[in-house]
Amino acid sequence: MSLAKGDLESILDRQAAQCAAKGFQLTSLRRLLMGILLNAGKPVKAYDLIEEAGRSGRRLTPATVYRVLGFLMDQGLVHRVNALNAFVACAESHGRLSRHQPLLLVCPSCRKTTEINDPDLSVMVFGKLSDLGHSLKGGSIEVHGQCQVCAEK
Ligand SMILES: [Zn+2]
Ligand SMILES: [Zn+2]
């Protein structure tokens, strides 16, 4: 899956405006990596980001990539998928939630990752966690389940 060039640019422009409103800049490097993640439409490992950026003529070190990913995660634009040790573009902005707390449904076979955007569900799950005195490391909840395509194989 890959986005039409115009669609991708308009999403990136919107995200740049979102960052600017908070006093941050979506620099060309941040924009490049964000674009790769949006285009992939699935979780991407840091190593593959480096390779993909290289194809666009940017030679990046892992430290640089992780720094940029850290920024994008702080902005709620990207989520880490711990189970896959990879990163995925956020499916929507988390404006309705007080914090960036995604619920990710991960297929362990094909790595398809679906972000469940249900504020009521999130409030319930995260509220329960905090009632029990747990705080989330990594900021997301991952539910692992085989997707329909893999199940039918
Ligand atoms: Zn998200
Ligand atoms: Zn699958």
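The values are calculated or read from the model by the stated rules, or taken from the named source; none is laboratory data. In this text the structure is predicted, and so the values were computed from the model without any measurement. Backbone-built Cβ (ideal geometry, glycine too); neighbour counts: all protein chains shown.
Okay, here's what the table says:
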{"item": "Subset of segment 131-153 that is surrounded by 11 or more Cβ atoms within 10 Å (Cβ to Cβ) and part of a helix (DSSP H, G or I) - its residue that is nearest to ligand 2 (Cβ to nearest atom)", "result": "Cys150"}
{"item": "Any hit, segment 71-94, residues being away from ligand 2 (no atom under 16 Å from the Cβ), modelled with pLDDT of 95 or more and polar (S, T, N, Q)", "result": "no"}
{"item": "Filtered residues of segment 99-125 (kept if assigned to a loop (DSSP other than H, G, I, E, B), surrounded by fewer than 17 Cβ atoms within 10 Å (Cβ to Cβ) and modelled with pLDDT of 85 or more)", "result": "Pro108, Ser109, Cys110"}
{"item": "Any hit, segment 61-80, residues being of a type outside the set (Gly, Ala, Ser), in contact with a His (Cβ under 8 Å, 6 or more places away or on another chain) and within 14 Å of ligand 1 (Cβ to nearest atom)", "result": "yes"}
{"item": "Number of positions in segment 114-144 that are more than 16 Å from ligand 1 (Cβ to nearest atom), over 19 Å from the mean Cα position of the chain (by Cα) and not charged (D, E, K, R)", "result": "8"}
